[in-house]
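Everything below concerns the one structure shown next.
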Amino acid sequence: MADEELAALRQQRLAELQAKHGDTSADPSQQEAKQREAEIRNTILAQVLDQAARARLSNLALVKPDKAKAVENYLIQMARFGQLPGKVSEQGLIEILEKVSQQTEKKTTVKFNRRKVLDSDEEDDY
C-alpha cells in the first residue's frame, strides 16, 4: 500500500512540475527515451573526453548551449566513425571549438545609407 501511495505522489509531483515548466509532453515513454539518449550521449562523451575537456565543454554549455550541442554532436559523430585516436585533451577540444566557430561564424556588415540633403549655395548669405 505504501508503494502505491508513493507512486501516486510521484506521478502527482511530476504532473505539477510539468505544468509549472510548461512541459506538455506528459508521455512518460518520451521522457524515458530522452533520458536514455542523454545518458548515452554522456557516456560517449565521458569515453571520448578527458576530465579537463569535459569541464571546458560543460562551462561552454552554460554560456552557449547551441555551440556546446554542436561540438557534442561533432565529437559523437567522430567517435562513431572511429576518427578519434584516443581521448581528446583540452587543447584538442579548443581546436575543435575553433573549427565549429569558423563554420558557424556569422559575418555582419554595416551599410551606411546617407541621406542627401538639398543644399544650395544661394542660401549661405552670412
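The C-alpha atoms of the chain define a longest principal axis, and helix 65-80 lies at about 60 degrees to it. Heavy atoms of the protein chains alone define the surface here; on that basis the range 34-102 has 67 Å² accessible area per residue at 1.4 Å probe size. Dipole magnitude for the range 34-102: computed about the Cα centre from +1 point charges on Lys and Arg Cβ and -1 point charges on Asp and Glu Cβ, it is near 180 debye.
Listed values for the range 42-56 are Karplus-derived 3J(HN,Hα) couplings in whole Hz (6.51 cos²θ - 1.76 cosθ + 1.60, θ = phi - 60°), namely 5, 5, 5, 5, 5, 6, 8, 9, 7, 4, 5, 5, 4, 5, 5, and x replaces Gly and Pro. In order along the range 111-116, the Karplus-derived 3J(HN,Hα) couplings, from 6.51 cos²θ - 1.76 cosθ + 1.60 at θ = phi - 60°, round to 10, 8, 10, 8, 7, 8 Hz, and Gly and Pro are given as x. Legend: P(r) of the chain from all alpha carbon pair distances, 10 Å bins from 0, whole percents, reading 10, 25, 19, 17, 11, 6, 6, 5, 1, 0, 0. Annotation: amide H of V88 within the under-5 Å range of L49, D50, sequence separation 5 or more or interchain, hydrogens built in the peptide plane. Rounded, prolate or oblate: which one fits the range 34-102, using the alpha carbon gyration tensor with axes a ≥ b ≥ c (rounded when a/c is under 1.5, else prolate when a/b beats b/c, else oblate)? Taking the square roots of the gyration eigenvalues as a ≥ b ≥ c, the range 34-102 is rounded. Can you give me the % of accessible surface on the range 34-102 that is carbon or sulfur? Probe 1.4 Å, all protein chains present, nothing else counted. Taking all protein chains in place, the range 34-102 shows 51 percent carbon and sulfur surface.
The values are calculated or read from the model by the stated rules, or taken from the named source; none is laboratory data. Everything numeric here is computed off the predicted structure, so don't read it as measured data. Cβ sites come from the backbone with ideal geometry, for glycine too, and all protein chains shown count toward neighbours. When the accessible area is computed, the model is the full protein with side chains, heavy atoms only, and any ligands, DNA or RNA have been set aside. Shrake-Rupley method; radii C 1.70, N 1.55, O 1.52, S 1.80 Å.
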